[in-house]
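Data block below; observations after.
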Amino acid sequence: MKKIIQLIAFFSIALAISVSGNERIWLSNSPPSKVADKIKKAGMRRLPVVYGKKRQMNIIQWIRSGELPQNSKYAEPNDLFNVQLFVFDPDGESVTGKIEESELGFIVSFPADKDGFYSIYLVEKFVRNDTLNFRVAKAERMNHSCRTGHDKALIRVQPKTYPQQIPIEIVRERFTGENLHTVMQPGDKVTFKTLINGVELKSGNIQMVTHKGWKNSKTTDSKGEVSFQFIQDDNTKLKELRSRITFNYLIHFTHTVAESGIVNDEHYSFINYSSTFSDTYRPSQMLYSSFVWALFVLLGSVLLLTIGIYYYRRRRRVEYREVA
Amino acid sequence: MNKIKTYLNNADVSRFRFWVQIFTFVLFVYGGYWGITIAQNLPIFACPYDHATGGTCFLISLQHQLHTTWDTLFSVRGFALLTAFGTFLLFFFFLNKAWCGFICPVGTLQDWITKFRKSIGVRFSRYEETTFKYLKVIKYLFLIWLLIVPLAIANSFFGLPHMSHDWFPPFCTICPARVIMPLFTGDVSQLAIDFSSTPALIMTTLGILAAALFIVGSFVKKRFFCLFCPMSALQFLFSKIAFLRLNKYGDKCTKCGNCYRVCDVGIKEIADDVISKNIVKDDCMMCFKCVEACPEDGCLEVAMFKIPILTASENGFFKRYGADEQKEITDDPK
């Protein structure tokens with residue numbers, strides 16, 4: 001009997017995951033190509049912005065859905081269920097943002113006048129197929145312009161969590177000496193912490209996907225932490241380096257627990273937590289030297305081998321000697 | 001029927017091969033530009049790092065399919081590996097190792113480098129017999145490497161920690177085709193050393209060194225890389241049961257050695273072995289130069305489904321080599 005119950009529970013969880021956690025919602029800096037020309041960019045990180053009354057700068061983000069950053073579609077209002085937006089400024093204070101469908105697409109926008117990381121969260125809470133789903137799309141966006149100075153830079157980049165409002169958190173731990181200018185790039189080892197209702201998630205499966213599709217999955221340790229080392233993307237073009245382009249990477253995890261309750265008169269037997277975290281990286285600044293070194297090694301090896309073979313052949317050449 | 005047979009036996013196979021190689025090179029290097037994808041899991045080095053390739057090498061699929069846990073490998077998902085392998089075998093069975101001799105773009109490139117060397121009058125090299133014997137083992141070591149490493153990345157062997165993912169794909173990163181083939185489409189992105197981690201640094205540096213060795217090696221030695229090609233090793237495991245055969249009737253052999261002298265790879269058994277009927281050795285690429293150069297009637301024979309399609313003949317030999325008295329059988333310019 002116990003085995004049958006376990007089996008039913010297993011299939012129910014599998015079903016819950018399969019119907020609820022498939023679609024990954026995430027926040028992106030990249031506009032759809034049809035409006036790309038209309039978008040203004042501001043600050044050192046070239047964040048997409050629109051200006052309101054009195055030149056109030058509003059950062060905008062596009063809501064996207066899909067597994068791979070490069071191929072994800074731009075979401076539509078129907079893709080979200082019972083969604084709430086939370087935005088926190090670098091001091092941890094709540095900022096009023098809005099989700100809107102405009103000529104720029106389905107976007108999130110919020111005013112930004114402080115230097116440091118803005119944390120943006122889209123939180124969905126709904127019951128479907130006997131499962132309470134929490135879907136969180138988180139993004140951290142660095143708003144910085146060198147004109148505004150670099151005071152308290154180390155403090156302003158520190159991560160903050162908001163367990164009262166946000167049930168699931170993926171926190172990127174900061175590098176030693178990280179400042180307002182730090183951008184991740186291939187070769188960096190990045191650590192993420194996962195929290196559910198403020199408690200570390202042990203043995204959770206976390207996946208990382210870079211813009212061009214490099215994937216890696218790891219399991220969190222006893223502190224709820226997991227580290228990934230970025231690998232250089234294939235086919236990085238030189239123009240991508242020259243234009244200070246940045247790409248999105250995605251962190252994703254999903255976790256299901258058997259817990260029953262009632263929300264809005266709807267009963268559930270499981271809770272499914274699903275979260276994405278999007279941040280930016282840029283192609284390795286060592287890419288120029290990668291090309292130069294490769295060319296140097298290639299040409300050097302070809303030259304050495306050619307000289308080697310030439311002398312080897314010359315040494316083996318038997319000179320004609322007249323027999324006495 | 002006899003007329004067709006005589007026509008085929010007297011045909012200039014090398015010229016036919018030359019045109020087939022040009023056609024397939026364009027197909028597998030630039031085919032993607034015309035939206036052509038012949039297939040995945042092909043038994044040739046159709047390199048997927050070339051974004052315009054018209055097909056995909058089986059070795060990259062093999063490495064990806066093996067990059068999985070034991071549980072997954074022996075579950076329903078393991079069928080993906082079997083499907084890939086089945087596709088590879090299906091293609092391979094028809095043409096046997098003639099995929100290497102006629103279709104592989106990397107083989108074609110080596111043949112073109114050889115033609116260039118000949119045109120400028122530089123003599124070629126051959127390995128000594130002992131050296132050849134030792135070097136030919138390398139391709140099997142590469143094959144073992146590309147089978148073991150993906151599994152060792154996804155699984156723990158003998159309680160040891162998993163290998164870093166950065167070693168993946170273990171053969172492609174050190175394969176000269178990865179660096180060289182994309183260059184034909186103007187893509188230099190693979191001509192780079194990846195500094196992002198120690199394994200990536202080691203592997204990409206080895207890849208560049210392999211490319212350098214490929215260029216110089218192919219210049220002085222015909223089909224230099226084929227001796228180290230793990231695809232060739234994998235093919236040989238199934239070569240005996242393929243439909244296209246290269247047969248030798250030892251009782252008709254006079255051991256003149258023509259076949260050995262024209263062999264680009266330098267397989268000595270083709271001349272020495274008068275016992276075996278199936279004469280396809282692990283390094284053979286089935287270019288059929290040996291059949292062309294054999295002056296003994298019916299000594300060497302190419303057969304498909306046991307039907308002879310090209311047979312060595314005295315007439316064919318003189319037709320091919322006799323017309324030009326200056327043309328030496330060694331294929332050496334000087």
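Straight-line reach from residue A:41: which aspartates and glutamates have a Cα under 15 Å away, not including same-chain ones fewer than 8 places off?
A:113
Place the peptides A:127-139, B:155-167 in order of packing, highest mean first, counting for every residue the other Cβ atoms within 10 Å and averaging per peptide. Before the final figure, lay out the partial values.
Working: A:127-139: 21.2, B:155-167: 13.2.
Going by the mean number of other Cβ atoms within 10 Å, highest first, we get A:127-139, B:155-167.
What is the dipole size for chain B, taken about its Cα centre, with +1 at each Lys and Arg Cβ and -1 at each Asp and Glu Cβ, in debye to the nearest 20?
Details: 33 positive and 26 negative charges, 117 e Å.
Around 560 debye, computed over chain B.
Using the reciprocal of the averaged 1/r over all distinct C-alpha pairs, how large is the Kirkwood radius of the protein assembly as shown in Å? Could you put the intermediate results ahead of the total?
Working: mean 1/r = 0.0344 Å⁻¹.
Evaluated on the protein assembly as shown, it is 29.0 Å.
Relative contact order (percent) for chain B, with alpha-carbon contacts under 8 angstrom and 6 or more residues of separation?
Details: 562 pairs, mean separation 67.5, N = 334.
Result for chain B is 20 percent.
Cα-Cα over 28 Å: which of A:125/A:218; A:237/B:118; A:125/A:193; B:133/B:306; A:239/B:221?
Over 28 Å Cα-Cα: A:237/B:118; B:133/B:306; A:239/B:221.
Ranked highest first by the average count of other Cβ atoms within 10 Å around their residues, in what order do A:181-190, B:20-29, A:259-268 fall?
Values: A:181-190: 16.6, B:20-29: 19.2, A:259-268: 11.1.
Taking the mean over residues of other Cβ atoms within 10 Å, the ranking is B:20-29, A:181-190, A:259-268.
Suppose a student asked you for the relative contact order of segment A:144-268, using Cα pairs under 8 Å spaced at least 6 residues apart; what percent would you report? The partial results should precede the final answer.
Numbers: 177 pairs, mean separation 25.9, N = 125.
It rounds to 21 percent for segment A:144-268.
Partner chain Cβ atoms within 10 Å, averaged over the residues of A:291-303 - can you pull that number for me?
Details: counts 5, 2, 7, 12, 5, 2, 9, 10, 2, 3, 8, 7, 2.
Across the residues of A:291-303, the mean count of other-chain Cβ atoms within 10 Å is 6.
Averaged over peptide A:305-318, how many Cβ atoms belonging to another chain are found within 10 Å of each residue's Cβ? Before the final figure, lay out each step's value.
Details: counts 8, 5, 0, 1, 6, 1, 0, 2, 4, 0, 0, 0, 0, 0.
Per residue, the average neighbour count from other chains is 2.
Given N residues in segment B:118-207, what is Rg(Cα) / (2.2 N^0.38 Å)?
Details: Rg = 17.3 Å, N = 90, 2.2 N^0.38 = 12.2 Å.
Ratio of Rg to 2.2 N^0.38 Å for segment B:118-207: 1.42.
Dividing the Cα radius of gyration by the Kirkwood radius, what Rg/Rh value follows for segment A:143-278? Each step should come with its number before you reach the end.
Working: Rg = 17.9 Å, Rh = 17.2 Å.
With Rh from the inverse mean 1/r over Cα pairs, Rg/Rh is 1.04.
Can you compute 3J(HN,Hα) from phi for each residue in segment B:238-251, using the Karplus curve 6.51 cos²θ - 1.76 cosθ + 1.60 with θ = phi - 60°, rounded to whole Hz and x for Gly and Pro?
Whole-Hz 3J(HN,Hα) from phi for segment B:238-251: 10, 5, 5, 9, 6, 7, 8, 10, 10, 9, 10, 9, x, 5.
How far is helix A:2-20 tilted off the main Cα axis of chain A, in degrees rounded to 10, range 0 to 90?
80
DSSP beta bridges in the protein assembly as shown, what fraction antiparallel, as a percent rounded to 5?
Numbers: 89 of 100 bridges.
About 90 percent, rounded to the nearest 5.
When only alpha-carbon atoms count, how far does chain A stretch along each of its three principal axes, as whole angstroms with the largest first?
114, 68, 39
So how do A:35, A:318 line up by other beta-carbon neighbours within 10 Å, fewest first?
Numbers: A:35 16, A:318 5.
In order of increasing Cβ crowding within 10 Å: A:318, A:35.
If packing is taken as the average count of other Cβ atoms within 10 Å, what order do A:102-114, A:146-158, B:207-219 fall into, highest mean first? Don't skip to the end; give the middle numbers.
Details: A:102-114: 17.5, A:146-158: 12.9, B:207-219: 22.1.
Averaged packing, sorted descending, gives the order B:207-219, A:102-114, A:146-158.
Please give the average number of partner chain Cβ atoms lying within 10 Å of the Cβ of each residue in B:183-196, rounded to a whole number.
Mean shielding by partner chains, rounded to a whole number: 6.
Return the long-range amide H neighbours of residue A:256 (sequence gap of 5 or more, or a different chain), with a cut-off of under 5 Å between placed amide H atoms.
Amide H neighbours of residue A:256, under 5 Å, 5+ apart: A:273.
With equal scatterers on the alpha carbons only and no solvent term, can you work out the Debye log10 of I(q)/I(0) for segment B:213-290 at 0.20 1/Å?
-0.92
Using Cα pairs closer than 8 Å and at least 6 residues apart in sequence, work out the relative contact order for chain A, in percent. Mind showing how you got there, number by number?
Numbers: 631 pairs, mean separation 51.4, N = 324.
Reported relative contact order: 16 percent.
I'm checking a number: the convex hull volume of the Cα atoms of chain B, normalised per residue, in Å³. What is it?
Values: hull volume 53.1 nm³, N = 334.
Spelled out: Cα convex hull of chain B, divided by residues, is 159 Å³.
Find which of B:34, B:66, B:101 sits farthest along the positive direction of the dipole of segment B:15-234, computed with +1 on the beta-carbon of Lys and Arg, -1 on that of Asp and Glu, about the Cα centre.
B:101
Straight-line reach from residue B:319: which lysines have Cα under 18 Å away, leaving out those fewer than 8 places along the same chain?
In chain and number order, the partners are B:3, B:5, B:289, B:327.
Quick note: the coordinates plus some simple rules give every number you see, no bench work behind them. Keep in mind that what you see is a predicted model, and the values were worked out from it rather than measured. Neighbour counts are summed over all protein chains in view; Cβ atoms, including those assigned to glycine, are modelled from backbone coordinates with ideal geometry.
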